[in-house]
Every structure is written in structure tokens, then in C-alpha cells.
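Inspection log for the structure reproduced underneath, given as C-alpha cells.
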Amino acid sequence: MFAFRMEAPRQGTISTRTARPLRLVHKLADVTKVVRGRSRMRVRAESPIIEDIEVSGRDMSTRSVFNRSRWAYHQNTGRYARHMLSIFRSVTFHNLQAPMSFIVLTSCAVVLYRTLVDTGRLPDLFQGIRFTDVPFQLTSFALSLLLVFRTDASYGRWCAAMDAWGTLRTSAADLVRKAAAWVHDPAHLRRLVRWTAAFPACLMLELRYDSGTTALEAAVRQELGAVLRPHELEQVLSAGPHYHQFCLSVLTALVGAAQLEAGREAALLGELSGLNQAACECEKILRFPIPLTYTRHTSRFMLIYLTALPLALYDSCEWAAVPVTGVVSFLLLGIEDIGVQIEEPFSILPLPEICADLHLSAQTAVAQRDMVACLADPATCSAADLDLDPESVLERRADLQQRRQQQVARCGGGSCKCGAGGVHNTTSSNTASSNGAGGNGEYTVG
């Protein structure tokens, strides 16, 4: 958005013809101030997926995922002026400085030579040859097809990477949610949560660092230091370089050691299978790029096309051919560079934020499991928990106690288990708690 700063005119110095435009300018300035007061944002730098900005004096550069405020900023029509003003701070511009400099210098040399030839200071080495734009018209459609294929294939890989991490996030959240409800040992549940948070962190680092390097080991040590215990971290480092596979093996062993029912264990193992599928998809995207022939030929095509462009532009533009060639080079090379950048999406996706969100949501699910149990069955917690109605809790417990006494009388004093199909006698070794009610009874109410 633009703001206008104007000094107040002196009395009697403005004609009637100029008074109305000035009033319109002042109104526009007032509207601009109102808009800027609602959302004062300033672009400081750009990345392939997000802008580094300030909002009303607050730094938002660490937020690489969108929220409602960022979407409103992104959809604001002031983006046209904002994007034009931030061209020289963009990643695309910095990436293209070398090829654009070569093309602009070449165009300057071509224009200088043609100017000296026209003034008679140099001989015309191309006498009898007329440069036209016909070759560019014949080849522009082929260049367009190459650019469309390049960007479309790269965006497909970007979407596949996002889908893989979406699957990973869903599977990890479901794993923790089910484990919080089914695993009753708190220490065992905490171990499972720690290794669930370690898995995406290890996968992220393996996607961003070369396998087997000291940089990867140092990054793993730093990233997992706040997630795992010291002895667990040393075990992960000793099991490298495929750290995420080791975390998955530990999770599989933890699910087996939880001694759950067959159906529940199969459900947790299914979530682990989702984690493994997401990791395999990420490794495929990282290891197998778009066929390099397309990238090489597109680069060669564009460089030859743009280098020869001043020859066709000089007759109609003369010295203006230099800036025109520079602008066209930035536009076309920028499309190709964007495709190259998003072809490998893991270096620019907000993976640290995804891993941190997974760890936080896992810890929250564990911390809230007692609250969830109280909401599901108020008789399993004290009357003071969650501001429950004491009378309803006491009535529920009295009803449970009465049903237990009836079962004891029906079973003849032996241990029994009551389910949907009726009451079944069992041995004393097959006792169970009464739906987590906190008592020492040996009977389960269906």
C-alpha cells in the first residue's frame, strides 16, 4: 500500500481546476492510512514459499506456516505493489543474477557493435544478413511447452511431498491418540510418545543432509536432544545412518511390549505402516529427480534464445533492447528456476514446524488422557475432577457397585466376566478391573 505525504497549500494559491484532484489525493491518502492501520506489514525478504514480514512491529519471520492473518495478508490486493517492490529481495532474483548478468552484458555488446556499425566506426561483418524475429516466433511455442512441463512436473513432486507428510502427520497423531486410550502403563506410554516424535525429526534430517556425514550426526544430536533421553539418543546415533528406520523398529517393539488385545495391536501396527509408507515416498522423491535431459535441454534452449534476442530487437528498439532483454530474461528464467527449486521440496517445506507440532500434540494427548477418561466415564475419576456433578458420580458408582454384587451372587462367589452375551465364569487368574473404576474388584461390566 502507498501513503501520500503532502504539505498543506497556502491560502489562495490553488486554482479551481487543481483543487478537486488534490481533494481526491487527500481522500486516497486517508483511506490508505486506515488500511495500513488495520494491517501494517512490511516485506523484508522472500523465500520460495513464504515472505519474511513484519506485522505492526511484530516479527513474523519465524512463522513459515499460514494462519488466518497470513491468508488475509496474502489475498490483499496490495500484493501487486508489494511484490513489485520486493523484486530485488526475492530468492528468484538472487538465483538468477549470474545468467542475467551474462545475457545483459551480451546484449550490451550486441547493441554497442550495431551502433558503431551504423555510425561507420566499425565495419559491418554481417553485411547482407538481415536479423528478424521469425526464428523466435517459430521456436517460442516449443520453449513454452518445455517450461510448462518443467513447472507442472515439479509442482506434482511438491504435492506428493506434502501428501506424504500429511499422511505421516495423520498416522502419528492417530498412533498417539489410540495409545493414550489403550496403553495403561504411563512410563510405557511416555516412551512410545518420545519415539513417535523422534521418527519425523530423523526423517526430516535425513532428507536435508547427506547420509553418513558428520553434519547429519550433529544435526540429529541437536534435534533429538530435546526429545529423547541421553541413553536413547546414543542408541540412535550408533544405529545410523538410517535413523528413522531404527525409530520405527523401536516403535514396533514398544507396541508389541504393550500386551494389547490383538485388534488394538493390529490398529497401532497399521499406523506404523502409514509412517513407513510416508517415509518411502519421501525417499523416492529425494533420490529420483525429473529426467535430467529435460532440465539440461530447457536451460540450453533458454540461454541460446535469450542471448540471441537482442539481434532481433535492435532494429525496432535500438538501445532499449538492453532493458527489454533483461526483463524478458528475468521473466522466463524465473519460471524455470521456480520449477528447479520446488522439484526438491524438502529443503523449503516447513518440516521443523510440522515436527514440533507433532511433538506438542503428542504430549498434549498424553496430558489430557485422564481428562478424556473422566468425560467418557465420570465414575472413573473423583467428583472434584472437571467440575463434575458429585451426585451423578456417586449415583453412577453406587449403580456399578450394585451390579457387581449381583454378579457375585449370580456366579456363586467365583470370578466372572459379564459382557454383552451374558455372564461367564472364569478362573481367578483372568480377572480384570471394572472399566478403570479404580476399585480392586475382579469383575468387568459390559
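Filter the range 295-317 for residues that are touching a Lys or Arg at 6+ places or on another chain (Cβ under 8 Å) and closer than 13 Å to Cys108 by Cβ and give the result. First the steps, then the outcome.
The first filter runs over the range 295-317 and keeps only residues touching a Lys or Arg at 6+ places or on another chain (Cβ under 8 Å), leaving 295, 298, 314.
Residue satisfying the conditions is Tyr314 alone.
Give the residue, chosen from Ala153, Ala215, that is more than 21 Å from Leu248 (Cβ to Cβ), open to solvent by less than 60 Å² (accessible area, probe 1.4 Å), among the hydrophobic types (A, V, I, L, M, F, W, C) and in contact with a Phe, Trp or Tyr (Cβ under 6 Å, 6 or more places away or on another chain).
Ala215
Scan the range 102-112 for residues that are open to solvent by 50 Å² or more (accessible area, probe 1.4 Å) and either in contact with a Cys (Cβ under 8 Å, 6 or more places away or on another chain) or within 23 Å of Met302 (Cβ to Cβ) (or both) and jot them down.
Correct list: Phe102, Leu105, Ala109.
So that you can scan it fast, the table gives a plain yes or no per residue for (1) touching a Leu at 6+ places or on another chain (Cβ under 8 Å); (2) open to solvent by less than 50 Å² (accessible area, probe 1.4 Å); (3) farther than 26 Å from Val65 by Cα:
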site	(1), (2), (3)
Arg264	no, no, yes
Ile285	no, yes, no
His297	yes, no, yes
Tyr305	yes, yes, yes
Leu309	no, yes, yes
Trp319	no, no, yes
Ile342	no, yes, no
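Quick one: which helices (runs of 4 or more DSSP H) lie wholly within the range 287-368 and hold at least 2 residues that are more than 26 Å from the chain's Cα centre (by Cα) and of a type in the set (D, E, K, R)?
Working: elements: 292-317, 321-343, 351-367.
Ranges flagged: 292-317.
How many of the residues making up the range 157-188 are among the aliphatic types (A, V, I, L, M) and over 17 Å from Cys280 (Cβ atoms)?
Pass one, the range 157-188, residues among the aliphatic types (A, V, I, L, M): 160-162, 164, 168, 172-173, 175-176, 179-181, 183, 187.
Within this subset, residues satisfying the condition of being over 17 Å from Cys280 (Cβ atoms) are 173, 175-176, 179-181, 183, 187.
Looking only at that region, the number is 8.
Considering each residue of the range 55-100, count those that are at pLDDT 85 or above, of a type in the set (Ser, Thr, Tyr) and open to solvent by 60 Å² or more (accessible area, probe 1.4 Å), and give that number.
Total meeting the criteria: 3.
Do we find a residue being within 29 Å of Ser211 (Cβ to Cβ) and either in contact with a Cys (Cβ under 6 Å, 6 or more places away or on another chain) or of a type in the set (A, V, I, L, M) (or both) anywhere in the range 290-308?
Yes - at least one qualifying residue is present in the range 290-308.
Can you name the condition, by its number, that Phe330 falls short on among (1) at pLDDT below 95; (2) open to solvent by 30 Å² or more (accessible area, probe 1.4 Å)?
(1)
So which of Ser144, Ser154 ends up being without any contact (Cβ under 8 Å) to a residue 24 or more places away in the chain and of a type in the set (S, T, N, Q)? Steps first, answer last, please.
Values: Ser154 fails: without any contact (Cβ under 8 Å) to a residue 24 or more places away in the chain.
Answer to the check: Ser144.
Please state which of the following conditions Gly128 fails to meet, knowing it meets all the rest: (1) among the small types (Gly, Ala, Ser); (2) surrounded by 14 or more Cβ atoms within 10 Å (Cβ to Cβ); (3) modelled with pLDDT under 90.
Every condition holds for Gly128 apart from (2).
What number of residues within the range 344-377 satisfy the criterion of being of a type in the set (S, T, N, Q), open to solvent by less than 60 Å² (accessible area, probe 1.4 Å) and in contact (Cβ under 8 Å) with a residue 60 or more places away in the chain?
From the range 344-377, those of a type in the set (S, T, N, Q) are 347, 361, 363-364, 368; that's our starting set.
Cutting the leftovers down to open to solvent by less than 60 Å² (accessible area, probe 1.4 Å) gives us 361, 364.
From the residues that got through so far, the ones that are in contact (Cβ under 8 Å) with a residue 60 or more places away in the chain too are 361.
Total meeting the criteria: 1.
Residues Leu168, Leu203: which one is at pLDDT 95 or above, in a helix (DSSP H, G or I) and within 25 Å of Glu261 (Cα to Cα)?
Working: Leu203 fails: within 25 Å of Glu261 (Cα to Cα).
On inspection, the qualifying residue turns out to be Leu168.
Taking the range 226-276 as the region of interest, how many residues are in contact with a helix residue (DSSP H, G or I) (Cβ under 8 Å, 6 or more places away or on another chain), of a type in the set (A, V, I, L, M), over 28 Å from Tyr209 (Cα atoms) and without any contact (Cβ under 8 Å) to a residue 40 or more places away in the chain?
1
The values are calculated or read from the model by the stated rules, or taken from the named source; none is laboratory data. Nothing here was measured: the structure is a model prediction, and the numbers come from that model. So basically every Cβ, Gly included, is an ideal-geometry build from the backbone, and we count neighbours across all protein chains shown. Each accessible area value is taken on the protein alone, full model and side chains, heavy atoms only, with ligands, DNA and RNA left out. Shrake-Rupley method; radii C 1.70, N 1.55, O 1.52, S 1.80 Å.
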